[in-house]
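A.B. asks: Sending over a structure as structure tokens; questions will come in a sec.
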Amino acid sequence: MSKKIGYVWNTLYSWVDTGTGGLLSANLSARIQPSYQHLSHPDTKRRFNELVHTSGQIDYLTPVKAKAATDEDILRVHTLEILNKVKQISDLATGGVADDGVTNIGNGGIEIAYLSAGGAIELTKKVVNGELSTGYALINPPGHHATRGETMGFCYFNNTSVAAAYAKEVLGLKRIAIVDWDVHHGNGTQDIWYKDSSVLTISIHQDCCFPSNSGFIDERGESDGFGYNLNIPLPPGSGNAAYQYAFETVVIPALKQYQPELIIVGSGFDASILDPLSRMMVLADGFKAITQQVLNCANEICEGKIVFVQEGGYSPHYVPFCGLAVIQTLTGVETVADPFKEFVGSMGGDKLLDHEKQVVDQLIPFIKDIQ
Ligand code: 3YP
Ligand code: ZN
């Protein structure tokens, strides 16, 4: 089999207009000064893409052109009501600002949301049909907070779920796993597949980070979907060691038990030690290690069929190197090493702590319930 690694990027992904707020909308009467650099400003992802090129990694990748997802693609997981509302938000003088004032996409920005979901679909299609062995979709806006009927937390369409639904309904797959390592809870993805055993959803995140009212261990799915949703809510301060332990103890055994035909990774880099929207301590090396674990697992159980789809990550400085670590693990070629390791590598997170282990171990008995 040819070892072709796909790579999705579109310049429009960095044209998402997050507005003049930093997280909340700028607001004179509340004295929130305009910042012109929203925490989710697309520069972070643009810099990641630029490093993929300047590091020489692009020479080992096969560019995959994102096509806009169709309404039909979106409606496999979202309601017509929210689709129409998103169109309206994007079209009108609201300028692409969702109700929460935080989830901004800019006037006409819905075109980018369709391209983002479409990027995930294109890559998935090519990995499933064997044209590519695996790949990375560096897309924007992210998706994992978007439920069937709601936008939320920088997310419009749930990209990984749209890709999974495409793989099920168009490509005919029966079992798919979505592994979400973004530091925030993948509440939208959980919600979409909560009653469905044909998509195993696993979210590893910082306990109570965002949303603060979901992502708990006892949210295991409902009816047919009971047992097919796993949440691993790690305590703040978790780093490489806790993540590696969680993957070897829970994520990988659950995947082996489930035997999916395709693994989709929701790849956020906001568990990094330099991220402003969480309090975790993962280094580029940590992302490399968990990438290697899921890659080995995919090779063992599903002919290597695994796709990586971008979620969050808000350190403009470190996200590019964390992302590069994942891509270098896919290509098997290291062109640039993590230059930050020297400065942030001795702050902690490299030893598994008892309170981290205790959380992960609670999930072990759930694995046998997966069929
Ligand atoms: C949304 C508003 C406050 C925290 C933020 C989290 C977005 C994200 O990266 N989700 O994965
Ligand atoms: Zn996140």
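Per-residue answers, yes or no, for (1) closer than 24 Å to Val162 by Cα; (2) small (Gly, Ala, Ser); (3) more than 16 Å from ligand 2 (Cβ to nearest atom):
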{"site": "Leu255", "(1), (2), (3)": "yes, no, yes"}
{"site": "Tyr258", "(1), (2), (3)": "yes, no, yes"}
{"site": "Ser278", "(1), (2), (3)": "no, yes, no"}
{"site": "Met281", "(1), (2), (3)": "no, no, no"}
{"site": "Thr291", "(1), (2), (3)": "yes, no, yes"}
{"site": "Pro320", "(1), (2), (3)": "no, no, yes"}
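A.B. asks: On to the next question. Within segment 92-104, does at least one residue satisfy the condition of being within 30 Å of Ser133 (Cα to Cα), in contact (Cβ under 8 Å) with a residue 24 or more places away in the chain and away from ligand 2 (no atom under 16 Å from the Cβ)?
C.D. replies: no
A.B. asks: Please name all residue pairs, on different chains or six or more residues apart, with Cβ atoms under 6 Å, provided the first residue is in segment 330-345 and is closer than 16 Å to Phe48 by Cα and the second residue is surrounded by fewer than 14 Cβ atoms within 10 Å (Cβ to Cβ).
C.D. replies: Within 6 Å, the pairs are Thr335/Gly56.
A.B. asks: Also, I was wondering about something else. Test Val162 against the criterion of being among the β-branched types (Val, Ile, Thr), open to solvent by 10 Å² or more (accessible area, probe 1.4 Å), farther than 27 Å from Thr249 by Cβ and more than 16 Å from ligand 2 (Cβ to nearest atom), and give yes or no.
C.D. replies: In short, no.
A.B. asks: Does segment 290-324 hold any residues that are of a type in the set (A, V, I, L, M) and open to solvent by 10 Å² or more (accessible area, probe 1.4 Å), and which are they?
C.D. replies: The answer is Leu295, Ile301.
A.B. asks: Which residue is nearest to ligand 1 (Cβ to nearest atom), if the candidates are limited to segment 7-51 and must be closer than 15 Å to Gly313 by Cα and of a type in the set (Lys, Arg)?
C.D. replies: Among those residues, the one meeting the criterion is Lys45.
A.B. asks: Return a yes/no flag: does segment 325-344 have any residue that is open to solvent by 40 Å² or more (accessible area, probe 1.4 Å) and within 16 Å of ligand 1 (Cβ to nearest atom).
C.D. replies: So far as segment 325-344 goes, no, none of its residues is open to solvent by 40 Å² or more (accessible area, probe 1.4 Å) and within 16 Å of ligand 1 (Cβ to nearest atom).
A.B. asks: Another question about this same structure. Name the residues in segment 124-164 that are under 27 Å from Asp99 (Cβ atoms), aliphatic (A, V, I, L, M) and either assigned to a loop (DSSP other than H, G, I, E, B) or over 16 Å from the mean Cα position of the chain (by Cα) (or both), would you?
C.D. replies: Ile139, Ala146
A.B. asks: Do we have Ile273 as farther than 24 Å from Leu39 by Cα and either out of contact with any Asp or Glu (no Cβ under 9 Å at 6 or more places or on another chain) or crowded, with 20+ Cβ neighbours inside 10 Å (or both) here?
C.D. replies: Judged against the criteria, Ile273 is not a match.
A.B. asks: Which helices (runs of 4 or more DSSP H) does segment 170-283 wholly contain that include 3 or more residues that are within 16 Å of ligand 1 (Cβ to nearest atom)?
C.D. replies: Once the helices (runs of 4 or more DSSP H) in segment 170-283 are filtered for at least 3 residues that are within 16 Å of ligand 1 (Cβ to nearest atom), what remains is 187-192.
A.B. asks: Also, I was wondering about something else. So how many residues does segment 4-57 have that are within 22 Å of Ser278 (Cα to Cα), under 20 Å from the mean Cα position of the chain (by Cα) and among the hydrophobic types (A, V, I, L, M, F, W, C)?
C.D. replies: Final tally of qualifying residues: 3.
A.B. asks: Can you name the number of the only condition in (1) buried (at least 22 other Cβ atoms within 10 Å of the Cβ); (2) in a strand (DSSP E or B) that Ser116 fails?
C.D. replies: (2)
A.B. asks: Restricting the first residue to segment 196-215 and requiring it to be away from ligand 2 (no atom under 11 Å from the Cβ) and open to solvent by 40 Å² or more (accessible area, probe 1.4 Å), which pairs with a second residue that is assigned to a strand (DSSP E or B) and modelled with pLDDT of 95 or more meet a Cβ separation below 8 Å and a spacing of at least six or different chains?
C.D. replies: From residues that are away from ligand 2 (no atom under 11 Å from the Cβ) and open to solvent by 40 Å² or more (accessible area, probe 1.4 Å), the pairs are Asp207/Pro233; Asp207/Leu234; Cys208/Pro233.
A.B. asks: Tell me, please, whether a residue that is within 19 Å of Ile290 (Cα to Cα) and in contact with a His (Cβ under 6 Å, 6 or more places away or on another chain) can be found in segment 209-228.
C.D. replies: Taking segment 209-228 and keeping what is within 19 Å of Ile290 (Cα to Cα), we get none.
Looking for residues that are within 19 Å of Ile290 (Cα to Cα) and in contact with a His (Cβ under 6 Å, 6 or more places away or on another chain), one finds none in segment 209-228, hence no.
A.B. asks: Another one. Pick out, from segment 1-99, the helices (runs of 4 or more DSSP H) lying fully within it that include 3 or more residues that are at pLDDT 90 or above and closer than 28 Å to Val170 by Cβ.
C.D. replies: Of the helices (runs of 4 or more DSSP H) lying wholly inside segment 1-99, those with at least 3 residues that are at pLDDT 90 or above and closer than 28 Å to Val170 by Cβ span 71-75, 80-91.
The values are calculated or read from the model by the stated rules, or taken from the named source; none is laboratory data. Source: prediction; values computed, not measured. Note that we place each Cβ from the backbone using ideal geometry, even for glycine, and neighbour counts take in every protein chain shown. Heads up: the accessible areas ignore ligands, DNA and RNA and are worked out on the full protein's heavy atoms, side chains in. Shrake-Rupley method; radii C 1.70, N 1.55, O 1.52, S 1.80 Å.
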